[in-house]
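Inspection log for the structure reproduced underneath, given as structure tokens.
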Amino acid sequence: MDAPNKEFALAGSLEELKTKGRLVVHGNHRPILVICDRGQVFALDNRCPHMGFPLERGSVDDGILTCHWHHARFDLESGCTFDLWADDIPICPVEIRNGDVWVKTTFGQADSAAHWRKRLADGLAHDLGLVIAKAVHGQLVADVAQADIVRQVALFGAQNRDGWSAGLTILTALANLLPALPEEEVYLALFHGARRVATDCDGQAPRHGRAPLESRPDPAALKRWLTRWTKVRHREAAERTLLTAIGAGLSPALLADALLAAETERAFADTGHSLDFINKAFECLDLIGWEHAAALLPTVVGQMVAARGAEESTAWRQPVDLVALCDQTIGQLPELIAVGRGVHGWSDHAALARDLLGEDPFRIVEALKAAIRAGAAPAHLGRSLAYAAALRVARFGSANEHSDWETAHHAFTYANAVHQILERIGTAEIEGQVTAVRAVLHGAMALYLTRYLNVPPARIPGEGGEQLDDLPTDTPMIRAALLDAFDRQQQVDLAAKLVARHLTLGHAPQVLIAALARAVLREDAGFHAYQMLEAGVRQFNVWGPTEEGRHILIAVARYLAAHSPTERAALQTADIAMRLMRGGELHQEAGDDARRVSASIAEH
């Protein structure tokens, strides 16, 4: 009764409330609905947590408040919803003072971070997009570290689905991009990642963990065993072997080496997705902490052992047996690597990339062998492969079918994964380098098989003396024009020109990357769009604002423009959640029948 008046607002007399049944108080933050039902007084946020419709227009029966719009139902006393898709209503204390009804107009929890962690867990468990969006926003406002949010979602995904998923890849890709995003885009990125993980887990059986072996074999034996079990598709044995390696304290580099050796027993497995998932699992652990390796890393084993290798496809066998060519070359690698070990300073990445785009698979292999003899490390080869694959996308011809974009995309994201995982492994013994180069060889042959995508090749803006002077010059106008291009279909060439314009004028790449991220985050983007954006930014960061770097971001822009716009339903959900969390009234009309009492109260 002695609470400071600045925290409370007068709603009206108890007699008036009983007569009218409900009143609305307007504080500085949000409207509050005060209801008298069965002799008790309750106060709740007047905005339906689902879509913000005024709950004063709802009906009350037997202690249950029903929203008039989508008929979400709530317990008056607690604000808890009976319909999980609607979320709970925040409630606030009520005091009766000398026959008057006073309402505390501040909403909040004793531990806001803990509250929103729980709400995120609820949203993930039931695949509730609106709840997920609110919980992500709430945690960010409560100053929860971005990595903590990513960790919560990643561990949920690992535990509630029997294997790594596209959603976990999206989450990791977007988490990798967070440092390049402005604040409002960080919220969107985390929401999209969490939403996709929840969707992947919805209706799935939870993962049942397996135990490591009780022995401690040496790392070489564990590597051999992992390869053995992968070849014969023995998932349980492969998982126990990997768990044993983790339990033995093998470094991320050694774990990556062992998984790469097992993975590349099949060429370009599952069109590159299997290796990309492995790489993303490693990157996810970099973000959330390697103490979670036993929970996360074994989730990639299921796909790895079940994956279909390219050696099973006709295209890799006829008219040229590319598998046999790779195997023959692999047999020559120990000698080639030994020769190149004494040579240092190799840097012909761009020249090798051009050779990898050749028309003759034998010459492509010879170019790789020459680079190894000249001192190129496996990671150098991976960098060249990734740039070559980006050029394939940048020069994707408009005469191709739209679905062919995915063929080019698969080669690029695989090449990026190869490059990243080879950087992680570093310079190893000759046996390890042979495994590493095998992954590059598979990528080079996959790239060779996509050569038809550049017949005829699309022109890269700015090449051959092409002038771009008809385009905007300042950064804000280029950004606006680029986002406008993504708002319309068939603007692939214009998007590429605007990216080239921005970079050739020497504008900050970070602004351009943020604009490309915005273009993806506002869409109901497909799995591949997130992959393409993140891989492109990764590779651009390797090359920097060079001609090669420009080509890579042009490739990203062309791919994204070919897949935009979409319905943007997820963006609407995220916007509704943010406006509700910020106290906005989404539905406000004049002439409401209920009484509104203005109160100037400081928000706490």
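Restricting attention to segment 353-399, the residues that are of a type in the set (Ser, Thr, Tyr) and buried (at least 16 other Cβ atoms within 10 Å of the Cβ) total 2.
Checking each residue of segment 445-464 against the condition of being in contact (Cβ under 8 Å) with a residue 60 or more places away in the chain, touching a His at 6+ places or on another chain (Cβ under 7 Å), buried (at least 17 other Cβ atoms within 10 Å of the Cβ) and not in a helix (DSSP H, G or I) gives at least one match.
The criterion of at least 1 residues that are within 21 Å of Ala113 (Cα to Cα) is met by the following helices (runs of 4 or more DSSP H) wholly inside segment 136-255: 146-159, 166-177, 183-201.
Against the list (1) outside any helix (DSSP H, G or I); (2) surrounded by 18 or more Cβ atoms within 10 Å (Cβ to Cβ), the condition Gln303 fails is (1). Which of the residues that make up segment 82-110 are among the small types (Gly, Ala, Ser) and open to solvent by 30 Å² or more (accessible area, probe 1.4 Å)? Matches in segment 82-110: Gly99, Gly108, Ala110.
From Val339, Val323, grab the single residue that is open to solvent by less than 40 Å² (accessible area, probe 1.4 Å) and not aromatic (Phe, Trp, Tyr). Exactly one residue qualifies, and that residue is Val323.
Please tell me if Arg195 is surrounded by 18 or more Cβ atoms within 10 Å (Cβ to Cβ) and under 24 Å from Gly382 (Cα atoms).
Values: surrounded by 18 or more Cβ atoms within 10 Å (Cβ to Cβ): yes; under 24 Å from Gly382 (Cα atoms): no.
Answer is no for this residue.
Gln139: of a type in the set (S, T, N, Q) and surrounded by fewer than 23 Cβ atoms within 10 Å (Cβ to Cβ), yes or no?
Values: of a type in the set (S, T, N, Q): yes; surrounded by fewer than 23 Cβ atoms within 10 Å (Cβ to Cβ): no.
In short, no.
Counted as qualifying within segment 505-570 are the helices (runs of 4 or more DSSP H) with 2 or more residues that are open to solvent by 10 Å² or more (accessible area, probe 1.4 Å), modelled with pLDDT of 95 or more and over 19 Å from Pro182 (Cα atoms), namely 527-543, 547-562.
Would you check if Arg240 is modelled with pLDDT under 95, touching a Lys or Arg at 6+ places or on another chain (Cβ under 6 Å), farther than 25 Å from Gln146 by Cβ and open to solvent by 50 Å² or more (accessible area, probe 1.4 Å)? Here the answer is no, as Arg240 does not meet what is asked. Being farther than 29 Å from Ala220 by Cα and assigned to a helix (DSSP H, G or I) is a description that does not apply to Leu471.
Can you go through Ser251, Ser215, Ser313, Ser274 and tell me which one is hydroxyl-bearing (Ser, Thr, Tyr), open to solvent by 50 Å² or more (accessible area, probe 1.4 Å) and free of Cβ contacts under 8 Å to residues at least 40 places away in the same chain?
Numbers: Ser251 fails: open to solvent by 50 Å² or more (accessible area, probe 1.4 Å); Ser313 fails: open to solvent by 50 Å² or more (accessible area, probe 1.4 Å); Ser274 fails: open to solvent by 50 Å² or more (accessible area, probe 1.4 Å).
Exactly one residue qualifies, and that residue is Ser215.
Gly345 passes every criterion in (1) touching a residue at least 12 places away in the same chain (Cβ under 8 Å); (2) open to solvent by less than 60 Å² (accessible area, probe 1.4 Å); (3) closer than 25 Å to Ile430 by Cβ apart from (2).
For segment 178-191, indicate whether the set of residues that are farther than 21 Å from Ala295 by Cβ, free of Cβ contacts under 8 Å to residues at least 60 places away in the same chain and of a type in the set (D, E, K, R) is non-empty. Write out each step before concluding.
As a first pass, look at segment 178-191 and keep what is farther than 21 Å from Ala295 by Cβ: 178-189, 191.
Filter again for free of Cβ contacts under 8 Å to residues at least 60 places away in the same chain, leaving 178-179, 183-184, 186.
This time we only want the ones that are of a type in the set (D, E, K, R), so: 183-184.
Looking for residues that are farther than 21 Å from Ala295 by Cβ, free of Cβ contacts under 8 Å to residues at least 60 places away in the same chain and of a type in the set (D, E, K, R), one finds at least one in segment 178-191, hence yes.
Kindly indicate whether Thr264 is over 21 Å from Val434 (Cα atoms), in contact (Cβ under 8 Å) with a residue 40 or more places away in the chain and touching a helix residue (DSSP H, G or I) at 6+ places or on another chain (Cβ under 7 Å). When the stated conditions are applied, Thr264 does not pass them.
Would you mention how many residues in segment 256-274 are more than 22 Å from Ala166 (Cα to Cα) and assigned to a helix (DSSP H, G or I)? Quick ask: steps written out before the conclusion?
Restricting attention to segment 256-274, the residues satisfying the condition of being more than 22 Å from Ala166 (Cα to Cα) are 257-258, 261, 265.
Right, trim to assigned to a helix (DSSP H, G or I) and you get 257-258, 261.
So the count comes out to 3.
For residues that are under 14 Å from His409 (Cα atoms) and not aliphatic (A, V, I, L, M), tally how many sit in segment 540-561. Within segment 540-561, residues that are under 14 Å from His409 (Cα atoms) and not aliphatic (A, V, I, L, M) number 2.
Wholly within segment 27-75, which strands (runs of 3 or more DSSP E) include no fewer than the required count, namely at least 3 residues that are within 19 Å of Cys92 (Cα to Cα), at pLDDT below 95 and open to solvent by less than 10 Å² (accessible area, probe 1.4 Å)? Walk me through how you get there before you give the answer.
Values: elements: 31-37, 40-45, 59-61, 64-66, 73-75.
The qualifying strands (runs of 3 or more DSSP E) are 31-37, 40-45.
The values are calculated or read from the model by the stated rules, or taken from the named source; none is laboratory data. Owing to the predicted nature of the structure, the values given are computational and were not obtained by experimental measurement. Please note: Cβ atoms are built from the backbone with ideal geometry, for glycine as well, and neighbour counts cover all protein chains shown. Keep in mind that these areas ignore ligands, DNA and RNA; they rest on the heavy atoms of the full protein, side chains included. Shrake-Rupley method; radii C 1.70, N 1.55, O 1.52, S 1.80 Å.
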